[in-house]
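S.K.: Take a look at the following structure, please.
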Amino acid sequence: MVTMTTDPGEALFRRYLKDHHFDVLAYEADLGTPKRPDFLVRAAGQEVVIEVESFDTPPMPGTRPSEQVDMTPRLRAVRATSP
């Protein structure tokens, strides 16, 4: 049995995996590394390690919740700070 988190981003990704019929092999699997990835998944006959990042950001100013927003500028800033 795979134990799950209450993190909303991980829950959403778990639903995506289920909807697309991916096999979740483990949650926070011990792979012998200092960090434990969020998911170990079987996809196309291969084992795939996945780390889900959740962002708790306020809505973009001047947008309604149903509007689409180009997140490229914001994501570029996040990616630039990654190691």
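S.K.: Can you tell me which residues in region 18-37 are part of a loop (DSSP other than H, G, I, E, B), in contact with a Lys or Arg (Cβ under 9 Å, 6 or more places away or on another chain) and surrounded by 12 or more Cβ atoms within 10 Å (Cβ to Cβ)? If you could, list the steps in order and put the result at the bottom.
M.R.: The initial filter retains those residues of region 18-37 that are part of a loop (DSSP other than H, G, I, E, B), namely 20-22, 28-37.
Add one more test, that the residue is in contact with a Lys or Arg (Cβ under 9 Å, 6 or more places away or on another chain), and what stays is 22, 28-30.
Matches in region 18-37: Phe22, Glu28, Ala29.
S.K.: Evaluate the following for Arg76: is it modelled with pLDDT under 90 and exposed (fewer than 10 other Cβ atoms within 10 Å of the Cβ)?
M.R.: It is true that Arg76 is modelled with pLDDT under 90 and exposed (fewer than 10 other Cβ atoms within 10 Å of the Cβ).
S.K.: Next question. Inside region 5-38, can you point out the residues that are aromatic (Phe, Trp, Tyr) and within 22 Å of Leu75 (Cα to Cα)? Outline the logic, then answer.
M.R.: Step one: of region 5-38, the residues aromatic (Phe, Trp, Tyr) are 13, 16, 22, 27.
Answer for region 5-38, where residues must be aromatic (Phe, Trp, Tyr) and within 22 Å of Leu75 (Cα to Cα): Phe13, Tyr16.
The values are calculated or read from the model by the stated rules, or taken from the named source; none is laboratory data. A quick note: this is a predicted structure, and the numbers were derived from the prediction, not measured. Note: ideal-geometry Cβ built from the backbone for every residue, glycine included; neighbour counts use all protein chains shown.
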